[in-house]
Amino acid sequence: MHAWEAIQNSLNYIEDHLTENIKIETLASVAALSPYYYQRLFKGLVKSTVNEYVKLRRLAKASETLKSKGIRIVDVALDYGFSDHANFTRAFKEAYGMTPYEFRANPVTLNHFIKPDLLLNYVMVDEDVPLIAEGIVVEVTRRKLDNPRTFVGIEGKVPSAELTGGIATGIATAGMIWDEFHRQKSNINLLPNGNEVGILYMGEAREGRCTYMAGAEVAENALAEGYASYTLPRGEYAVCCFEAESFVELIGTAIFKATTFMSNWMKNHSLTCGNFVAEMYYGTNPETSYMELWLPLSSWQGKPSVKERWDKTNGKEKPTMEAISASVNSPLFEDLCTHLETIYQSKPVLEFSRCTMQYGWNVKYKKAGRTLCTLYPMEEYYIALIVIGERERMETEIALPFFTGYLQQLYHETETGMGQKWLMINVTEAAILEDVKQCIAIRRGKKK
């Protein structure tokens, strides 16, 4: 069982027992992990502590119950594990910026911390092959748009975190934009049987925010004075088609899961998205709700091969990070470098090694005086060297059953010298990259 599967089992347990007393020890047992390692792994995969996650999921469920005015607010609080009315009100306002009373009087659309479906982070499918995940069906296909499509509607500035992660809480700004569009759309000469669409792009938004337009299709070149417009250009698109059991589930949970899946799918297929994403909405029926994410498509391309400009075995010619990245020519290299620089605030150090095992230039990442890993550029992949010492050995071996078969075999076959295993990991696929990230987290987590 992989690490993500163990955590997913505990997420399922939490969702089924939100109205009960949930203990860390119980969740760790469900995941078959020690409480200490369970909490570390949970935070790494879910991006929240266990207690905070449970609280936010309870608030999400409680907000739905609050819409029923026949149930007292204090009873809602007690039903979802809050000790009293005051604690519930404090937590609700902290998460959503309004009290339960205010929400009941004006039930606006809220952003909730979505229950993750970790399967979507690690399982890849080919084009035109459906993937059934918890509550949704996802399928990716490529389409060529021969004629541009124009949409007119209402636009506004939205915090980026609200649309990209399913972990931000508060009043849903995008939901307010949709509400305003639906109030005014009768004033727009919309195309009969055209799609409604939500389009995410930068526009004139400042850092940390993006522009979001809620609108519907109009005839080509048709504009409506006083309204925003956006045209999907001709070209090739990666289209993520997904279904959910209801429209509420579609826009409240499924869209975040589909976005997560597509982010990983694009990287795994060496593709990058253009400068916008379109949410294409279709008519619903009592049995299912369906929508699509349209991503303008371009192949991931490194810079021209560095072999034309430098020799990695030439110790007198120091390369740039751009040159090394171009030499590797893999999005997995960019992914790990970005991860190390953002999560650990570690900067790359280029060094020349005369070691016969990997002669030439390499990239080293350090934190607090310790080397997190060393990266050796190869053709179309790279090697990540991670040293597992006595301090990391026990935790690594606890986590080992959750790693890929490749990493497990490599660990067992690597000889121990001076109390250390020098793991030379060939990073050739996304699952192995996740192994590397977990090993780095273990190495960084140990204190002197």
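Order 208-219, 76-87 from most to least packed using the mean count of other Cβ atoms within 10 Å. List each step's numbers first, then the result.
Details: 208-219: 20.2, 76-87: 16.2.
Answer by packing, highest mean first, reads 208-219, 76-87.
Cross-chain or 8 or more residues apart, Cα under 24 Å: how many lysine pairs in the range 3-111 fit that? Count them up, please.
Lysine pairs, 8 or more places apart or on different chains, close enough: 17.
Tell me, what HN-Hα J-couplings in whole Hz come from the Karplus equation 6.51 cos²θ - 1.76 cosθ + 1.60 at θ = phi - 60° for each residue of the range 53-65, using x for Gly and Pro?
4, 4, 4, 5, 5, 5, 5, 4, 5, 5, 5, 5, 5
How much length, in nm to one decimal, is gained on full extension between E204 and S263, taken as 0.36 nm per residue of separation minus their Cα-Cα distance? It would help to have the intermediate numbers written out before the result.
Working: separation 59, 0.36 × 59 = 21.24 nm, distance 2.38 nm.
Full extension of this stretch gives 18.9 nm more.
Would you compute, from DSSP H runs of 4+ residues alone, the mean residue ellipticity of the chain at 222 nm, taking -39500 (n - 2.57) per run and dividing by the full residue count, rounded to the nearest 500?
Details: 16 runs with 167 residues, N = 448.
Helices in the chain give a 222 nm mean residue ellipticity of -11000 deg cm²/dmol.
Using amide H atoms built in the peptide plane, which far-off residues or other-chain residues are under 5 Å from I425 H to H?
Amide H neighbours of I425: A384, L385, I386.
Which percent of the Cα-Cα distances in the chain go past 31 Å?
Details: 50967 of 100128 pairs.
Summing the P(r) tail past 31 Å for the chain gives 51 percent.
Read-outs throughout are calculated quantities, based only on the coordinates presented, and are distinct from any laboratory measurement. Quantities reported herein were computed from a predicted structural model and do not represent experimental measurements. Heads up, the Cβs are rebuilt from the backbone with ideal geometry, glycines too, and the neighbour counts pull from every protein chain shown.
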